[in-house]
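Here the structure is laid out as structure tokens; the discussion comes afterwards.
The values are calculated or read from the model by the stated rules, or taken from the named source; none is laboratory data. Fair warning: this is a prediction, and the values are worked out from it, not measured in the lab. Heads up, the Cβs are rebuilt from the backbone with ideal geometry, glycines too, and the neighbour counts pull from every protein chain shown. Remember, those area values only see protein heavy atoms, side chains included, never the ligands or the DNA or RNA. Shrake-Rupley method; radii C 1.70, N 1.55, O 1.52, S 1.80 Å.
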Amino acid sequence: MMNERAKIERYVAAVPKAELHVHLEGSIQPATLLALAQRNGVQLPVQTVGEMQRWFTFRDFNHFVEIFFAISRCLKTAEDYELIAYEFGASMAKQKMRYAEVTFSPITHHSSLGVPFDTFFTGLTRGRLRAQTAFGVEIRWIFDIVRDIPDETLNRQRAEYTVAVAIEGMNDGVVALGLGGAEVGHPPEQYVNWFDKARGAGLHCVPHAGETVGPPSIWGALKALGAERVGHGVRAIEDPALVAYLAEQFVPLEVCPTSNVRLGVYTDIAEHPLPHLHAAGVPITVNSDDPPLFNTTLNDEVKLLADPFNFDLNPLNEIILNGVRHSFLPVQEKQALQAVFQDEMAKLRHELML
């Protein structure tokens, strides 16, 4: 006879899920990364999976960005991009994920690494479609502006390129414009023109904010960029008026608990504000961010809702369903997927007697 904890773990492993905040480059499994580095002649400071897992110990956010860039250097050909998109789809299926909006940083590959749009996007598209056929999963893309360049002219050119290729990719799965990179010194207000352009073309807007910078960054994302969701956003907890606004306006946060601890936003999970934000009525989604880099999975992040956050099954299901409700799927597809999730949740609860 299973105890309650074992039942919840079985439930989390089997229940359908969607993920809204995960970076493709940060989802490459260590063994695949080593193989890509070898076939493309890229020297990494590690040679084994074990060494790589130790390499993924971050001093701070800037150190994380350095490693993220080193990972991206291992991608050269359309086949490389196809492989990582396809393998992400395989990981989705393994975790019972049906849908994901996956962030990708085009400018890093185009400008910093010299990979043309046709190369990386051909690969991404082939991998996405292969995964759909093989595993029945659906991947859509969020192309994000990387805001880590102090040179204003270069920063503007990079933002312009990102918006242009995001618009070009709309017929092949690109659904939104994001904003990533270092928040410090690069407030959202600097990117109004490009988010306006993206919105005018029909893209959704989902910037990162409130991770390494506090409430002012989130306010800027909301008021200046028209954020429909906020990537991270956890430091909203520092401003009661902001928490109330997020709850009243029903603006969801893409919360990544393990990432926040591994990057030093919070010292440990016990300090994490997710339960308090949820209790205040802020819509919460739970996500893995860069799973191998943080030694986590989406399933691991969902487990945190039960232990240590102490949610029972009803709020846990609500947060899982938020991954569909707050996706950028068309309304009819969203409603159909939500109905499938709810039906499977009910069956699992009955089977496990939860």
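Some values worked out for this structure:
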read-out: Cα→Cβ-extended label distance, 7 Å offset, between Ile269 and Met2, nm; value: 1.9
read-out: Theoretical ellipticity at 222 nm over the chain - DSSP helices of four or more residues, -39500 (n - 2.57) apiece, nearest 500; value: -15500 deg cm²/dmol
read-out: Virtual spin-label span in nm between Thr32 and Ala346, 7 Å along Cα→Cβ; value: 3.6
read-out: The chain - share of DSSP beta bridges that are antiparallel (%, nearest 5); value: 0
read-out: Accessible-area composition of the chain, carbon plus sulfur, in percent [1.4 Å probe]; value: 52
read-out: Simple spin-label estimate for Ala241 and Lys94 in nanometres, 7 Å along Cα-Cβ; value: 4.7
read-out: Sequence-distant lysines (8 or more away, or on other chains) whose Cα lies within less than 25 Å of Lys7; value: Lys17, Lys94, Lys96, Lys303, Lys347
read-out: Debye, to nearest 20: dipole size of the stretch 295-334, +1 on Lys, Arg Cβ, -1 on Asp, Glu Cβ; value: 160
read-out: FRET E, pair Ala14, Glu79, Förster distance 30 Å, beta-carbon r, rounded to 0.05; value: 0.35
read-out: Built amide H within the under 5 Å cut-off of Gly181, gap 5+; value: Arg147
read-out: Backbone N under 17 Å from the Asn310 label point (7 Å along Cα→Cβ), restricted to the stretch 255-295; value: 269-280
read-out: Charge dipole magnitude, Cβ of K and R +1, D and E -1 - the stretch 42-189, Cα centre, debye nearest 20; value: 560
read-out: Nearest-20 debye value, the chain charge dipole, Cβ charges on Lys, Arg, Asp, Glu; value: 660
read-out: Stretchable slack from Ala279 to Thr48, in nm (0.36 nm times residue separation minus alpha-carbon distance); value: 78.8 nm
read-out: Solvent-accessible surface ranking, highest first, for Met353, Met97, Met170 at 1.4 angstrom; value: Met353, Met170, Met97
